[in-house]
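Engineer: Please find one structure pasted underneath; my questions will follow.
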Amino acid sequence: MKLYNISFNNLWRRKGKLVFLVFGLVIGIATIVTLLSITESMSMDIEERLDKFGANIVMTPKNENLPLSYGGISLGVVNYTVTEFDETSLADIKTIKNSRNLGIIAPKVLGPISLRGRDVLLMGVDFKKERKLKAFWQFKGKFPVRPDEIAIGSQVASAFKLATRDTLLISNRVYTISGILLETGSSEDSVILVDLHEGQKILGKEGKITMVEVAAFCRGCPITEMTLQLAEKFPNARITTMKQAVMSKMQSIDMVKSFGLGVTVLVICIGVLLVFTTMMGSVNERTREIGIFRAIGFRRGHVMQIILLEAMIVGLLAGLIGFFGGSGIALSALPFVVKGGTFAGPNGLIGGISILASISLSLVASLYPAIKASRLDPSEALRSI
């Protein structure tokens, strides 16, 4: 009879102990899978929110003046007079060490214009890049695509009683309003969007860029290092990142991971102890059986293999049940942790880790009982028959 057949039959004859052994490990494995899945889902939620925001690196020229505003209240006259970058220098952005992590690079030119006796902020953008960067923007009408088309913010539309397909005369040129940006609650509500080069002509800033928004591939990318590299390339620029805005959430995830690690270690220790004591008891109960094996020619290595094969079977069952059980628990708990979040699991990596961990823990817990069983004196064991 094959050794694995002996191991399987031994477990099958002792179904109660099999269930007890598997249950002890399942609790630990399910805890690991649940925590890994939830923390991964939380990380994915933050990444998705960053993607919806668009840019996570913003470059603006340094300004020696301090802003005279607090809490959204301006204490001085609004001044749109700022310095600009040379448009040709933007090519240096792609020469930084971590350029492979750069996604969309969206330059902008900004300045005030007079429209029907009122000052309005005009923003020139690259329509294609801006549309990709601000994919979350919603329009009444459509996003402009041609140089003679413009889009306006909701406040501009309201203040000037404008609608889509209306025309505006700006710097002696007629532009058609292709879309009205629905309210965003941000500064975009009060701007006029025009083509980048049209904006440079209107503002008299040919070849100049006021600010640059960059979308970096943020999952695992070194945002801090990229910021330093950009600052080195552009010493006269102020580089800000969205990483600071989500730092508190990332720290919360780290705290959950640390707490979960402590709980997992405790639960695993209990599971290993259960397996150890159960396997030791099983060896003591099977003294006669082991003595017979040794008497009919089984070597010590064969006895050890039988015990360890039983441990592997227990570990495999516990890993599979713990993986799917933990994934189910994580899926059920996710709505209470991250509203509207995307479930990160089950996935092959977490499944492989859980099964390998379960088998390894089961083998470690059964190693001493297996050694003890292999060292039983067959003559002593047979005397009790």
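Engineer: Enumerate the amide H contacts of I170 below 5 Å, restricted to partners 5 or more residues apart or on another chain; note that Pro and chain-start residues carry no placed amide H.
Structural biologist: Under 5 Å from the amide H of I170: Y175.
Engineer: Mind giving me the nanometre distance, one decimal, between the label points for L349 and N172, set 7 Å out from Cα along Cα→Cβ?
Structural biologist: Label-label distance for L349 and N172, simple model: 6.0 nm.
Engineer: Please list the non-local residues whose amide H lies under 5 Å from the amide H of I104, H modeled 1.01 Å from N, same-chain partners needing a gap of 5 or more.
Structural biologist: Those lying under 5 Å, H to H, from I104 are A215.
Engineer: Taking a quarter of the surface of the convex hull around the Cα atoms of segment 57-217, what do you get in nm²?
Structural biologist: On the way: hull surface 41.2 nm².
Seen from a random direction, the Cα hull of segment 57-217 projects 10.3 nm² on average.
Engineer: Using r as the Cβ-Cβ distance of S360 and S258, and R0 as 35 Å, what FRET efficiency do you calculate, to the nearest 0.05? Write out the running numbers ahead of the final one.
Structural biologist: Numbers: r = 23 Å, r/R0 = 0.65.
The value I calculate is 0.95.
Engineer: To continue, here is another question. Nothing charged except the Cβ atoms of Lys and Arg (+1) and of Asp and Glu (-1): what's the magnitude of the dipole of segment 57-217 about its Cα centre? Round to the nearest 20 debye.
Structural biologist: Values: 21 positive and 18 negative charges, 84 e Å.
So the dipole magnitude of segment 57-217 works out to roughly 400 debye.
Engineer: Taking the simple approach of a point 7 Å from Cα along Cα-to-Cβ for both L273 and R299, what is their distance in nm?
Structural biologist: Taking the two extended label points, one gets 3.7 nm.
Engineer: Let's test the formula: R0 of 25 Å, r as the Cβ-Cβ distance of E206 and E183. What FRET efficiency results, to the nearest 0.05? All intermediate terms of the calculation are to be shown ahead of the outcome.
Structural biologist: Working: r = 33 Å, r/R0 = 1.31.
Efficiency, rounded to the nearest 0.05: 0.15.
Engineer: Which of K142, K205 comes first, and how do the rest follow, when ranked by fewest Cβ neighbours within 10 Å? The partial results should precede the final answer.
Structural biologist: Numbers: K142 11, K205 17.
Ordered from fewest to most neighbouring Cβ atoms within 10 Å, K142, K205 come out as K142, K205.
Engineer: Among the listed pairs K97/K140; K142/K233; K205/K233; K62/K129; K62/K161; K94/K140, which are separated by more than 30 Å between their Cα atoms? Mind dumping the intermediate values first?
Structural biologist: Numbers: K97/K140 41 Å; K142/K233 37 Å; K205/K233 23 Å; K62/K129 24 Å; K62/K161 37 Å; K94/K140 35 Å.
Over 30 Å Cα-Cα: K97/K140; K142/K233; K62/K161; K94/K140.
Only the coordinates and a few stated rules stand behind these numbers; no lab work does. Predicted model, so just to flag it, every value in this text is computed and none were measured. Backbone-built Cβ (ideal geometry, glycine too); neighbour counts: all protein chains shown.
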